[in-house]
Amino acid sequence: MRAITHERQGEAVRVLSLRELSEPPAPAAGQVLVRVLSRPVHPGDLLGVEGVPGVTGQRFASPRSPGLEGMGVIEAVGDGAGELRPGLRVAFFPVPGAWSEFVTAPAGLVVPVPDGVGDETAALMLVNPLTLLTLLRAVEDSRHGDAGPIVQTAAGSSIGKLVGAAALRHGFPLVNLVRGSAGKQALRNRFPELPVISTADADWRSQVRDATGGRGAGTVLDAVGGSLTGDLVALLADGATLISYGALGSGSTALESLALTSRELTVRGVSVGRWLTRTAEERAEDVAFATRLAETDPDLFEVAGTYDLADYAEAITHARRPGKNGTVLLTSPAS
Ligand SMILES: NC(=O)c1ccc[n+]([C@@H]2O[C@H](COP(=O)([O-])OP(=O)(O)OC[C@H]3O[C@@H](n4cnc5c(N)ncnc54)[C@H](OP(=O)(O)O)[C@@H]3O)[C@@H](O)[C@H]2O)c1
């Protein structure tokens, strides 16, 4: 089978290569073998390949294939795989090695794809909606009943648009931040009801203060971080929370430079990587939410472009292109 692999962390297009590996053995009890047809290039996948700043250069004992999410067709099932059977179209998360033509997955992490959901939507059906739920729970925890405005950065991202749609559906006050005028226009077209502000405007901080009614944000949902953190903390109301869930930005902000103590501010990290710590019942509810969303709102699972596995370098370049809309997919043939 073909697989994109790497043996050490480093610049993605340099350390990754397409290899021919032997196919996985027949699945053991409780496992299924999936022929993967489509998988996303998520920012988190690239972080896994390149390492986070300060923690790069890790080497692996055997070639590692990135990716935790994808969709495909079940090839074989082990004993005790429940209703899963060969030929069934499924999505999976979190299953390491999604950037390969086959993965062996625990049956419990494999989800049948409803007939009405296309392959491209199915490939994106789990991570982003589960991240949305993780973020909404963190927002809920942070607010102690306060209905103050929420500010989100990178609002034009795939996750940001899910948050935007959730704000409209549930009626919470959201202020969208993007980094440029093109992104601002695109998001205004998408969500005309929601304020959108570009951090490229010299007066963006005062625009946010106006949009939050002058009293500051109750919560900031931040995927950018870096040197923007100080500005975002300054936009919080006293006692409020900055929820960090991504590191798209550059530079850094010293914790000591933030008036956390005197203003009783909270900075909290959130990761969908901890989703498996939820109970089986909670995870089933979350997956049912994600599946429903894929059925009812496929436009929230926008695809920026599709590339064969062999064209991974172009796919990664596209995934990092400013102004792209949606997520890039890597595909492989059905047989
Ligand atoms: N913590 C978790 O569990 C978790 C899970 C999933 C995703 N995430 C994070 O969520 C974020 C969004 O992921 P996604 O897949 O939705 O992203 P995406 O669809 O690829 O979109 C990326 C967005 O980020 C914007 N952006 C890129 N660099 C930026 C910068 N330096 N400053 C401001 N904006 C910038 C882009 O704006 P332009 O349109 O201007 O190019 C684009 O709108 C990522 O940081 C990802 O790592 C976290």
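The values are calculated or read from the model by the stated rules, or taken from the named source; none is laboratory data. Quantities reported herein were computed from a predicted structural model and do not represent experimental measurements. Cβ coordinates were reconstructed from backbone atoms using ideal geometry, including for glycine residues, and neighbour counts include every protein chain displayed.
Can you run down the residue pairs with Cβ atoms below 8 Å, 6 or more apart or on separate chains, where the first is in the stretch 268-281 and without any contact (Cβ under 8 Å) to a residue 60 or more places away in the chain and the partner is of a type in the set (Phe, Trp, Tyr)?
Listed pairs, sorted by first residue: Gly269/Tyr245.
So is Ser271 closer than 27 Å to Gly148 by Cα, surrounded by 15 or more Cβ atoms within 10 Å (Cβ to Cβ) and either within 16 Å of the ligand (Cβ to nearest atom) or not assigned by TED's automatic domain parsing to the domain that holds Val208 (or both) or not? Steps first, answer last, please.
Numbers: closer than 27 Å to Gly148 by Cα: yes; surrounded by 15 or more Cβ atoms within 10 Å (Cβ to Cβ): no; either within 16 Å of the ligand (Cβ to nearest atom) or not assigned by TED's automatic domain parsing to the domain that holds Val208 (or both): yes.
No, not satisfied.
Looking at the stretch 173-192, can you tell me whether even one residue there is outside any helix (DSSP H, G or I), at pLDDT 95 or above, within 16 Å of the ligand (Cβ to nearest atom) and more than 22 Å from the chain's Cα centre (by Cα)?
Our first condition is that a residue be outside any helix (DSSP H, G or I); within the stretch 173-192, this holds for 173-180, 191-192.
Add one more test, that the residue is at pLDDT 95 or above, and what stays is 174-180, 191-192.
With within 16 Å of the ligand (Cβ to nearest atom) added as a condition, the list becomes 174-180, 191.
Now drop any that are not more than 22 Å from the chain's Cα centre (by Cα), which leaves none.
No, the stretch 173-192 contains no residue that is outside any helix (DSSP H, G or I), at pLDDT 95 or above, within 16 Å of the ligand (Cβ to nearest atom) and more than 22 Å from the chain's Cα centre (by Cα).
Find the residue count for the stretch 1-50, including only residues that are more than 13 Å from Ala319 (Cβ to Cβ) and in a loop (DSSP other than H, G, I, E, B).
Total satisfying the criteria: 14.
Can you tell me which residue in the stretch 195-211 is nearest to the ligand (Cβ to nearest atom), limited to those that are free of Cβ contacts under 8 Å to residues at least 40 places away in the same chain and not in a loop (DSSP other than H, G, I, E, B)?
Applying the filter and picking the extreme gives Ser198.
Collect the residues in the stretch 305-335 that are within 14 Å of the ligand (Cβ to nearest atom) and more than 30 Å from Gly87 (Cβ to Cβ), keeping them in residue-number order.
Ile316, Thr317, His318, Ala319, Arg320, Arg321, Pro322, Gly323, Lys324, Asn325, listed by residue number.
Conditions tested, residue by residue: (1) in the same structural domain as Asp45 (by TED's automatic domain parsing); (2) part of a strand (DSSP E or B); (3) within 9 Å of the ligand (Cβ to nearest atom); (4) in contact with a strand residue (DSSP E or B) (Cβ under 9 Å, 6 or more places away or on another chain).
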| position | (1), (2), (3), (4) |
| --- | --- |
| Gly213 | no, no, no, no |
| Gly218 | no, yes, no, yes |
| Gly230 | no, no, no, no |
| Ala237 | no, yes, no, yes |
| Leu242 | no, yes, no, yes |
| Leu248 | no, no, yes, no |
| Thr261 | no, no, no, no |
| Glu264 | no, no, no, yes |
